[in-house]
1. If you put +1 on each Lys and Arg Cβ and -1 on each Asp and Glu Cβ, how big is the dipole of segment 28-108 around its Cα centre, in Debye rounded to 20?
2. Restrict the search to segment 45-102; then list the trypsin sites (Lys or Arg not before Pro) that DSSP places in a loop and that have at most 15 other Cβ atoms within 10 Å of their Cβ.
3. For V63, enumerate residues with amide H under 5 Å from its amide H, sequence gap 5+ or separate chain, H modeled in the peptide plane.
4. Order these peptides, 38-45, 97-104, 76-83, by their mean beta-carbon neighbour count within 10 angstrom, highest first.
5. What does a probe at T51 reach in segment 28-42, counting residues whose amide N is under 20 Å from the point 7 Å along Cα→Cβ?
6. Test of the criteria: in segment 38-108, which GluC sites (Glu not before Pro) are in a DSSP loop and have at most 15 other Cβ atoms within 10 angstrom of their Cβ?
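Quick note: the coordinates plus some simple rules give every number you see, no bench work behind them. No experiment lies behind these values; they were computed from the predicted model shown. Positions of Cβ are generated from backbone atoms using ideal geometry, with glycine treated the same way; all protein chains shown enter the neighbour counts.
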Amino acid sequence: MPFGIPGWKWRLGRFGYTTENELEYEKVRADAKALLEKATKGDAWRSPCGTLHIPLVVEGSIVGELWEDIELKDLDIGAYWYGKWGIKVQLVKDGRVVGFIWLSPSSQ
């Protein structure tokens, strides 16, 4: 990741841009689980197309979102991907992705 993580950089590979380092899934999972334990549900709202959005809030900041009204303790951590500004981790319930949580690059 070019912003905030020492040792990370984008490079041009054979099939496009790649990163030089790979994150350890267990560390990402542990960090996401710890953040999820501190989170509370914010005020739910519906988009114009009818999709439910429930923000996940930690210390007044939105750190993720749910698309179904599910208890936070019932969620599991799924796959992740990273980009310029952080790591986006899927929140899973019964094998379905029902939301996501963001991890900052500095936490890795």
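1. On the way: 10 positive and 11 negative charges, 53 e Å.
Roughly 260 debye for segment 28-108.
2. Details: sites: R46, K73, K84, K88, K93, R96; in loops: K84.
Here the sparse-neighbourhood loop sites are K84.
3. Here L56, V57, V58 satisfy the definition.
4. 97-104, 76-83, 38-45
5. 41-42
6. Numbers: sites: E59, E65, E68, E71; in loops: E59, E68, E71.
When the GluC sites (Glu not before Pro) of segment 38-108 are filtered for loop state and at most 15 Cβ neighbours within 10 Å, E59, E68, E71 remain.
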